[in-house]
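Just below is one structure, and these are the notes that go with it.
The values are calculated or read from the model by the stated rules, or taken from the named source; none is laboratory data. Small disclaimer: the values here were computed from a predicted structure and weren't measured. Note that each Cβ is placed from the backbone with ideal geometry, even for glycine, and that neighbours are counted across all protein chains shown.
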Amino acid sequence: MTDEASSTPQSTASLPHADAGAYMQVWAESMSQVLAQIAGSPFGIESPPEAPPETQPAQENDLRVTIVAAGGLRGEMSLRLPRTAALGVAQLFLGETQDAAGEFKSDYQEAVEELLRQVAGHAVTALKPRWGEVQLRLESGVQPSWSPGASGWLISASGAPCRVEIEWQLSAALHAALVAASRPIENNSTEPEIGSGAGEGNFELLMDVEIEVTLRFGERSMLLRDILELGEGSVVELDRQVEEPVDLLLDGKLIARGEVVVVDGNYGLRIQEMLTAAASG
């Protein structure tokens, strides 16, 4: 369990930059390939930047999954599947008859997650020509605490064997990495021309990108039964002493430590130590 305080307010994600759109098109094509193999027939997947009129609003029982990217791209993508869409995808994956009124069985979530793992495997191969070696790890997720840098949808095309409806959100760090990533090199030279300023130009692209940082005061592992017993007035003791510095994280990665201060009635952090890439892991 982690006690975290966000330094930026939640905001509506902007429409995806062209590179983010290209990234999600890879996901759409990879999902189309996997679903077509399972269904034994063509299965089109589209990636509109805005929600189609028939999409379902977020509900508490929606299935959420987080895709963590590392290597050539770093950051997170959150996926939300409305329960009815997750039901149809799970039934298709398990070879069951489509039944929109059916019960969401205990093994359906595992089926959807395994499907997404297969899609991620296809995506890794398709991403390599443009973004190099990228590792994608799937985790069961909750509603992200970070403000999305871009968002959109993966929707099944007309005539698909079942309805696919997935809302995606990219973390600001992943969105920035996609925007700044180099395009495929069109000549044989792998070295930038001296004095070309290409690196400086790419860096300038990042200057106005809003990236969420987080303060971490400490954490603690708890048994499920202890969590269920929590209520108003309960006290959860963390693993850090009051005099110890707190952590500053960028997209979940530790970058600095310092002491908590109060600035005009708001919490703040006075940085005491900046961490190197090796020290921060």
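Summary table
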| item | result |
| --- | --- |
| Odd one out for G201 among (1) part of a loop (DSSP other than H, G, I, E, B); (2) at pLDDT below 80 | (1) |
| Odd one out for P49, checked against (1) surrounded by 16 or more Cβ atoms within 10 Å (Cβ to Cβ); (2) within 30 Å of G132 (Cα to Cα); (3) under 24 Å from the mean Cα position of the chain (by Cα) | (1) |
| Qualifying residue in the range 74-95 (condition: free of Cβ contacts under 8 Å to residues at least 40 places away in the same chain and charged (D, E, K, R)) | yes |
| Whichever residue in the range 244-276 is of a type outside the set (S, T, N, Q), under 25 Å from the mean Cα position of the chain (by Cα) and not in a strand (DSSP E or B) and, among such residues, is modelled with the highest pLDDT | L275 |
| Single match in S78, S32 (criterion: hydroxyl-bearing (S, T, Y) and surrounded by 22 or more Cβ atoms within 10 Å (Cβ to Cβ)) | S32 |
| Lone unmet requirement of (1) in contact with a helix residue (DSSP H, G or I) (Cβ under 8 Å, 6 or more places away or on another chain); (2) in a helix (DSSP H, G or I); (3) under 23 Å from A18 (Cβ atoms) for K128 | (1) |
| Hits in the range 105-125 - residues which are modelled with pLDDT under 90 and either surrounded by 12 or more Cβ atoms within 10 Å (Cβ to Cβ) or within 19 Å of Y23 (Cβ to Cβ) (or both) | K105 |
| Residue list for the range 209-228, restricted to those being touching a Leu at 6+ places or on another chain (Cβ under 7 Å) and not aromatic (F, W, Y) | I211, V213, T214, L215, R216, G218, E219, R220 |
| Some residue of the range 149-165 being assigned by TED's automatic domain parsing to the domain that holds G21, under 30 Å from E259 (Cα atoms) and modelled with pLDDT of 80 or more | yes |
